[in-house]
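Every read-out reported here was derived from the displayed coordinates using simple, explicitly stated rules and does not represent laboratory data. Every value quoted in this text rests on a predicted model; they were computed, and no experiment measured them. Positions of Cβ are backbone-derived with ideal geometry, glycine not excepted, and every protein chain shown enters the neighbour counts.
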Amino acid sequence: MSSEAREPVPFEVHEPGVYLHGTKADLCVGDLLAAGRESNFQAGRTMHYVYFTQTLDAATWGAELAAGEGRGRVYIVEPLGEFEDDPNVTDKRFPGNPTRSFRSREPLRVVGELDGWVGHPPEKLQAMRDGLEALVRHNEAHIED
């Protein structure tokens, strides 16, 4: 893969064996991401899993769409226990898990931060936000957690 920064490509594994987590949280190497915290995407909801991926595209969406102030960040993470395919993506939108999206009840350890990633174009990001808002308006924004 080229070292030149470019818009993320759907379904493209960032680097074999590397897991990513996109958020707006300002974390340090060694910090743990754990279940039981408020959702980045649904106010007032406590999450039973922590979510991560092997694609820069999915991690970028997480960083761009996460609640909170500040810039989006993409962290390199290490799962500390068992994990499974994320049914919110694999069962509902992309059978076979081409997004390489996972979830775990066990913590993830931050092992680094990915610098220099490129976000989605503003019009693509706005279209995603509009689509998510429409799901909420129609009571179709269900998270299987």
Notebook entry, point to check: What list of ³J(HN,Hα) couplings, whole Hz, do you get for segment 120-134 from phi and the Karplus terms 6.51, -1.76, 1.60, once you set θ to phi - 60° and write x for glycine and proline?
Noted result: 6, x, x, 5, 6, 5, 5, 4, 5, 4, 4, x, 5, 5, 5
Check: Which of the peptides 67-78, 27-38 is most tightly packed, and how do the rest follow, judged by the mean count of other Cβ atoms within 10 Å per residue?
Finding: 67-78, 27-38
Note to self: Taking amide H atoms as placed 1.01 Å from N in the peptide plane, list the residues 5 or more away in sequence, or in a different chain, whose amide H sits under 5 Å from that of LEU114.
What the structure shows: VAL74, TYR75, ILE76
Notebook entry, point to check: From the backbone phi of segment 96-108, what are the Karplus-calculated ³J(HN,Hα) couplings (6.51 cos²θ - 1.76 cosθ + 1.60, θ = phi - 60°) in whole Hz, Gly and Pro given as x?
Noted result: x, 6, x, 7, 6, 9, 9, 8, 8, 7, 8, x, 10
Item checked: Amide H contacts under 5 Å for TYR19, placed H, 5+ residues apart -> VAL77
Check: Ordered by residue, what ³J(HN,Hα) values in Hz, to whole numbers, does segment 21-30 give under the Karplus form 6.51 cos²θ - 1.76 cosθ + 1.60, where θ = phi - 60° and Gly and Pro are x?
Finding: 9, x, 6, 9, 5, 8, 10, 10, 4, x
Margin query: For ALA35, what residues show an amide H to amide H distance below 5 Å, using hydrogens built from the backbone and excluding near sequence neighbours?
Written below: VAL50
Next item on the list: Note the full-extension length gain between GLU7 and ASP31 as 0.36 nm times their separation in residues minus their Cα-Cα distance, in nm to one decimal.
Entry: 5.9 nm
